[in-house]
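In what follows, a single structure is set out as structure tokens and then discussed.
Every number in this text was worked out from the coordinates using simple rules, so none of it is lab data. Everything numeric in this text was worked out from a predicted model, so none of it was measured. Here the Cβ is made from the backbone with ideal geometry for all residues, glycine too, and neighbour counts use every protein chain on show.
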Amino acid sequence: MTTREHIASIPLTADDPTAEASIGGLVRDATAHMSTLVRAEVELAKGELVKELKKGAFGSAYLIAALTVLCFSLFFLFMALGFGFSEWWGWPRWAGFGLVFVVMLLAVGALALLGVRKLKRIKAPEKSIAEAKETIAALTSRGDDN
């Protein structure tokens, strides 16, 4: 928030100190003060939320950059494993890389299986649907009673 922005505030004294305070005037003033207070609270919450969302956006951008670098560096790990398998066991290079490929395919299959299992467990939001149907029924039947 900049210093030039107008901040809503509640006056601590009446605008006209000589005016008599009637019940209607007091209710009007209380309503205006409450409205001003609610607006100020909403503006404060909005300002804090925007500030925290910006922090979150920058944090997630750094995480995305880190994951990108990790994904590119995995290529070198797999290359090292391929060369290592062929050197350690005295296999031809194609066999070392073939083993790395098979291990990667097994990992893909296992992760896909886990993902499909999790997706099959997703259910419809039954409580929300029931509440929506009750609300629709209540609103439509309300018009029939008149």
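A few notes on this one:
- Our coupling estimate for the range 118-127, obtained by passing each phi through the Karplus curve with A = 6.51, B = -1.76, C = 1.60 and θ = phi - 60°, is 5, 5, 5, 7, 6, 10, 5, x, 4, 5 Hz, Gly and Pro reported as x.
- Calculated from backbone phi, Karplus (6.51, -1.76, 1.60) coupling profile of the range 57-66 in Hz, x at Gly/Pro: 5, 5, x, 5, 5, 5, 5, 5, 5, 5
- The overall shape of the range 88-146, judged from the alpha-carbon gyration tensor, is prolate: a/c is not under 1.5, and a/b is greater than b/c.
- Counting only Cβ charges, +1 for Lys and Arg and -1 for Asp and Glu, the dipole size of the range 62-129 around its Cα centre is about 520 debye.
- At most 10 other Cβ within 10 Å, DSSP loop - trypsin sites (Lys or Arg not before Pro), the range 53-146: 121, 123
- Calculated SAXS-style log₁₀ I(q)/I(0) at q = 0.12, 0.18, 0.22 Å⁻¹ - the range 23-145, Debye, Cα scatterers: -0.91, -1.06, -1.12
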